[in-house]
Amino acid sequence: MVSDADLHVNDAPSRSDPDAAIFGAASLDPILARHNHDANNLLQILREIQEQHGYIPPDAVDRLITSLKIPRVKIEGMAAFYSFLHLQPHGEYRVLFSDNITDRMLGSAALMEQMCRELWVEPGKVSEDGLVSVGTTSCTGMCDQGPALLVNNIAVTNLTAQRVGTLCELIRNRVPLSRWPAELFTVTNHIRRKDILLGSELAPGSALAALLARGAAQTLDEIKISKLRGRGGAGFSTATKWETCRAALGEQHYVVCNADEGEPGTFKDRMLLASCADTVIEGMTLCARIIGAQKGFIYLRGEYRYLLEHLQRVLQRRREHKLLGRGILGHPDFDFDIDIHVGAGAYICGEESALIESLEGKRGTPRNRPPFPVTHGYLNQPTVVNNVETFAAASLIALHGGAWYAGIGTGTSSGTKLLSVSGDCAHPGIYEYPFGVTVAQVLADCGAKNTQAVQVSGPSGVCLAENEFGRRIAFEDIPTAGAFMVFDRSRDMFEVARNFVHFFAHESCGFCTPCRVGTPLLRNMMDKLARGRGSPYDFAEIEKLNLLLQSMSHCGLGHSACNPVLDTIAKFRPAYDQRLLHKDYVPAFDLDYALSQARRMTGRDDTGAHLGEAE
């Protein structure tokens, strides 16, 4: 276990002086040495260069081309793909406000306007003195303590006007992040309801001892008996995945923990890594014993950079106690160790094949499947990729047995599920329930009142109306990766869906044409409705676009991009009808609207300044 006080910005590296000497060998060589001069670690190398210098300098790119023997286009392509990397300075302080719908509901837009006003900077731009840039990011994973922002990739939570004022003063005075008040960076793990996982006191090494006493094959049998299914959302059989990988031919086998929970509204993996890291790592280690792996990776979401040093300490402690590394628990044939790979702001890397591409130092583009990672994964070798929560559950099964675990939950969905509850409720946070709990029960427990809708499993999931609150969280009814976003009757469900659509358009990896073109088209249609230029024609176009995206997109992002719109049209139609101000088609482009910026700049808003009225 680790307390919140152990996790703060002082663990993060300080950005070097902007007036320091030009990037050179003294800066690059230690980074390359840490990563074995391996081009597969390109993302980590670029991330560390940027942490030192605030961006990736041109001369650093030149040196990497020679040192790693890779083309310039690969380095520049990486920087263009990952939103947290950039080849041009973005200020000594780069501030990114979370633009998730729950942060917006808590007033993040007004707070961002306040910061821009106080720092004299335009949104999305660098200030004239090069000090600061202020923009938005999709979601920081801090939905239970928003509004939140990232400053140089470190989270600041529970924003208020007063707190934003404090941040502005610190930035104006160029105070290094390591000297900012620690309370600004407090991340609280709001654990509201515990069950078998969060309520367990699993001693480090106990599950591994049970594995070694029982045997690897017999422990795999216990995983089968438990009916454990992946907790990342897809719900694939964990035993089937591990057994297939165990049997696959390859020079090496690998274990990967997917901690890139980028789905807006999800933050349960953040809590598990902060509070139960030993349980998660123990699950990875027993998986390694079962499949014959000696190497593992934790792919840590870039927004959770603040957890890196904490996790490194846990790994080192386990090595010292012979729970990781060579000769685990005194068994000379049991070698397994873990590296941490930090992401850089790409939602698509939550998809397992895109994650593997990122691990290999590439853009996170989903692969064609088959073959699947269990036979052709990291470096084309057999690889198990599982969610943080899945590995934690595996530790419990190894210790207590499969029958015990299968006896919890429902016949189809065994065990418990962690829910990340946020939005319009009195007690946002983490709730653990046996599978089969009703939506209504969760709403009652979190103190939700006058609820009109719940978005389960984030934007790619399902939106439930009040008449569906009797449905159950389970693979046979409502499967979920964990997000549970609550909206009361004061919320405009059209604006909720529009926020989700903007998210998908921003996070499309751009690989396939249907998604690259289709998600911006959907965003433009929703913006058109928001400007009062919608008609029934636009509904028909959205339906056509949905069919195209579902049938032609390369991966699940495109397949689910229309879900929030279609769900809210079907269940909250009045929110759309009030925006259908035209019976027949009208173009999206409105010249008078386009001139609004010119009116603001000139201070004019009279009749003559409006095109339609002047005519």
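The values are calculated or read from the model by the stated rules, or taken from the named source; none is laboratory data. Remember, predicted model here, so these are calculated numbers, not experimental data. Quick reminder, even Gly has a Cβ in these numbers, built from the backbone with ideal geometry, and neighbours come from all protein chains shown.
Here Ala570 fulfils each of the conditions (1) surrounded by fewer than 14 Cβ atoms within 10 Å (Cβ to Cβ); (2) modelled with pLDDT of 80 or more; (3) in contact with a helix residue (DSSP H, G or I) (Cβ under 9 Å, 6 or more places away or on another chain); (4) assigned to a helix (DSSP H, G or I) apart from (3). Residues of region 358-369 include at least one that is touching an Asp or Glu at 6+ places or on another chain (Cβ under 9 Å), among the β-branched types (Val, Ile, Thr), more than 19 Å from Asp221 (Cα to Cα) and not in a helix (DSSP H, G or I).
Residues considered: Ala426, Ala505. Of these, the only one that is assigned to a loop (DSSP other than H, G, I, E, B) and of a type in the set (A, V, I, L, M) is Ala426.
Restricting attention to region 126-148, does a residue exist that is out of contact with any Lys or Arg (no Cβ under 7 Å at 6 or more places or on another chain), surrounded by fewer than 16 Cβ atoms within 10 Å (Cβ to Cβ) and among the hydroxyl-bearing types (Ser, Thr, Tyr)? No, that holds for no residue. Taking the listed residues Thr244, Thr166, the one that is out of contact with any helix residue (DSSP H, G or I) (no Cβ under 6 Å at 6 or more places or on another chain) and not assigned by TED's automatic domain parsing to the domain that holds Tyr306 is Thr166, with no other qualifying. Only residues that are over 30 Å from Val486 (Cβ atoms) and of a type in the set (Val, Ile, Thr) were counted across region 259-298, and they come to 5. Entry remark, region 411-453: residues being within 18 Å of Ala481 (Cβ to Cβ) and polar (S, T, N, Q) number 6 in total. Look at region 26-39: where a residue is under 18 Å from Ile338 (Cα atoms) and a partner is among the hydrophobic types (A, V, I, L, M, F, W, C), sitting 6+ places away or on another chain with Cβ atoms under 6 Å, you get His35/Ile45.
Checking the condition more than 28 Å from Ser237 (Cα to Cα) and among the charged types (D, E, K, R), which residue from Arg318, Arg289, Arg301 passes? Spell out the reasoning first.
Details: Arg289 fails: more than 28 Å from Ser237 (Cα to Cα); Arg301 fails: more than 28 Å from Ser237 (Cα to Cα).
Step by step, each of Arg318, Arg289, Arg301 is checked, and only Arg318 is more than 28 Å from Ser237 (Cα to Cα) and among the charged types (D, E, K, R).
Whether a residue is surrounded by 22 or more Cβ atoms within 10 Å (Cβ to Cβ), out of contact with any Gly (no Cβ under 6 Å at 6 or more places or on another chain) and β-branched (Val, Ile, Thr) was assessed, and Val486 does not pass this test.
Among Ala444, Ala540, Ala497, Ala530, which is surrounded by 16 or more Cβ atoms within 10 Å (Cβ to Cβ) and small (Gly, Ala, Ser)?
Every option except Ala497 fails the conditions.
Please pick out the residue among Arg229, Arg174 that is modelled with pLDDT of 95 or more and surrounded by fewer than 22 Cβ atoms within 10 Å (Cβ to Cβ). Spell out how you get there, then give the answer.
Working: Arg229 fails: surrounded by fewer than 22 Cβ atoms within 10 Å (Cβ to Cβ).
So the residue among Arg229, Arg174 that is modelled with pLDDT of 95 or more and surrounded by fewer than 22 Cβ atoms within 10 Å (Cβ to Cβ) is Arg174.
Scanning region 352-401 for residues that are crowded, with 24+ Cβ neighbours inside 10 Å and acidic (Asp, Glu) yields Glu352, Glu389.
All conditions in (1) crowded, with 22+ Cβ neighbours inside 10 Å; (2) over 24 Å from the mean Cα position of the chain (by Cα) hold for Leu159, with the sole exception of (2). In this structure, Gly283 does not satisfy being modelled with pLDDT under 95 and on the phi < 0 side of the Ramachandran plot. The condition (being part of a helix (DSSP H, G or I) and at pLDDT below 95) is satisfied by just one residue among Ile397, Ile348: Ile348. From the list Ala148, Ala217, the lone residue that is more than 23 Å from the chain's Cα centre (by Cα), modelled with pLDDT of 95 or more and small (Gly, Ala, Ser) is Ala217.
Of the residues in region 324-333, at least one is in contact (Cβ under 8 Å) with a residue 24 or more places away in the chain, surrounded by fewer than 16 Cβ atoms within 10 Å (Cβ to Cβ) and on the phi > 0 side of the Ramachandran plot. Tell me which residues, restricted to region 46-67, are closer than 22 Å to Cys349 by Cβ, touching a residue at least 24 places away in the same chain (Cβ under 8 Å), in a helix (DSSP H, G or I) and within 25 Å of the chain's Cα centre (by Cα). Once the filter is applied, which keeps residues that are closer than 22 Å to Cys349 by Cβ, touching a residue at least 24 places away in the same chain (Cβ under 8 Å), in a helix (DSSP H, G or I) and within 25 Å of the chain's Cα centre (by Cα), region 46-67 yields Leu46, Arg47, Ile49, Gln50, Glu51. Looking at region 383-399, can you tell me whether even one residue there is of a type outside the set (A, V, I, L, M) and at positive phi? Within region 383-399 (the criterion being of a type outside the set (A, V, I, L, M) and at positive phi), the answer is no, since none of the residues qualifies.
One residue alone among Asp538, Asp527 is of a type in the set (Asp, Glu), more than 25 Å from Glu466 (Cα to Cα) and at pLDDT 90 or above, and that residue is Asp527.
Among the residues that make up region 544-556, is at least one of them in a helix (DSSP H, G or I), within 33 Å of the chain's Cα centre (by Cα) and farther than 30 Å from Phe81 by Cβ? Looking for residues that are in a helix (DSSP H, G or I), within 33 Å of the chain's Cα centre (by Cα) and farther than 30 Å from Phe81 by Cβ, one finds none in region 544-556, hence no.
Return yes or no: is Phe589 assigned to a loop (DSSP other than H, G, I, E, B), without any contact (Cβ under 8 Å) to a residue 12 or more places away in the chain and among the hydrophobic types (A, V, I, L, M, F, W, C)? Criteria met by Phe589. The condition of being surrounded by 16 or more Cβ atoms within 10 Å (Cβ to Cβ) and among the basic types (Lys, Arg) does not hold for Lys583. Go through region 71-94 and report how many residues are in contact with a Ser or Thr (Cβ under 7 Å, 6 or more places away or on another chain) and either of a type in the set (Asp, Glu) or in a strand (DSSP E or B) (or both). Qualifying residue count for the region: 1. Against the numbered list (1) farther than 20 Å from Ala392 by Cα; (2) out of contact with any Lys or Arg (no Cβ under 8 Å at 6 or more places or on another chain), Glu357 comes up short only at (2).
With respect to (1) closer than 26 Å to Tyr405 by Cβ; (2) touching a residue at least 60 places away in the same chain (Cβ under 8 Å); (3) surrounded by fewer than 19 Cβ atoms within 10 Å (Cβ to Cβ), the lone exception for His427 is condition (1).
Taken together, the residues in region 295-341 that are among the β-branched types (Val, Ile, Thr) and part of a helix (DSSP H, G or I) amount to 2.
Here Glu113 meets the list (1) closer than 25 Å to Ser422 by Cβ; (2) in contact (Cβ under 8 Å) with a residue 12 or more places away in the chain; (3) not aromatic (Phe, Trp, Tyr) almost entirely, failing just condition (2).
Looking for something buried (at least 20 other Cβ atoms within 10 Å of the Cβ) and touching a helix residue (DSSP H, G or I) at 6+ places or on another chain (Cβ under 8 Å) - is there at least one such residue anywhere in region 544-551? Yes, some residue in region 544-551 is buried (at least 20 other Cβ atoms within 10 Å of the Cβ) and touching a helix residue (DSSP H, G or I) at 6+ places or on another chain (Cβ under 8 Å).
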